[in-house]
Amino acid sequence: MIFCVEDDAGIRDLMIYTLNASGFRAVGFENAREFYAALADDTPELIMLDIMLPDIDGFEVCRRIRMSNAQVGIIMLTARTQEMDKVTGLMTGADDYVTKP
């Protein structure tokens, strides 16, 4: 299972569609609150995480995930292209940091 945490509905829907069409099971969440509620019921193998969420920023979400689960893969997928953001993302526990075109 792949969890896609992205507030932009168009990007989130495209990610989910592409992943599902490629044979993966993917579900999407608009904000961290929805994501945390789903974590109570299911543990994903991968989390694709935006930084600029409406309720809690992705850096903090990543920190919280790593405090309870060191095994799940986390890829930050974001429009923030500054080198410092990438360093921060990786230091908070992301396995990779990919910028949106």
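The values are calculated or read from the model by the stated rules, or taken from the named source; none is laboratory data. For clarity, every value in this text was computed on a predicted model and none was experimentally measured. Note that we place each Cβ from the backbone using ideal geometry, even for glycine, and neighbour counts take in every protein chain shown. The accessibility values were calculated without ligands, DNA or RNA, using every heavy atom of the protein model including side chains. Shrake-Rupley method; radii C 1.70, N 1.55, O 1.52, S 1.80 Å.
Some observations on this one:
- Flag if residue 60 is among the charged types (D, E, K, R), closer than 20 Å to residue 9 by Cα and assigned to a helix (DSSP H, G or I): no
- Selection within the range 78-101 - of a type in the set (S, T, N, Q), open to solvent by less than 70 Å² (accessible area, probe 1.4 Å) and more than 16 Å from residue 11 (Cβ to Cβ): 88, 92
- All positions within the range 2-39 that are touching a Cys at 6+ places or on another chain (Cβ under 8 Å) and not in a strand (DSSP E or B): 12, 15, 16, 19
- Evaluating residue 65 against the criteria (1) under 13 Å from the mean Cα position of the chain (by Cα); (2) open to solvent by 20 Å² or more (accessible area, probe 1.4 Å) leaves one unmet condition, (2).
- Residue list for the range 73-101, filter: assigned to a strand (DSSP E or B) and modelled with pLDDT of 95 or more: 73, 74, 75, 76, 96, 97, 98
- Conditions (1) modelled with pLDDT under 95; (2) among the small types (Gly, Ala, Ser); (3) part of a strand (DSSP E or B); number of the one not met by residue 70: (3)
- Residues of the range 5-58 satisfying the condition of being open to solvent by 80 Å² or more (accessible area, probe 1.4 Å), among the basic types (Lys, Arg) and closer than 24 Å to residue 86 by Cα: 33
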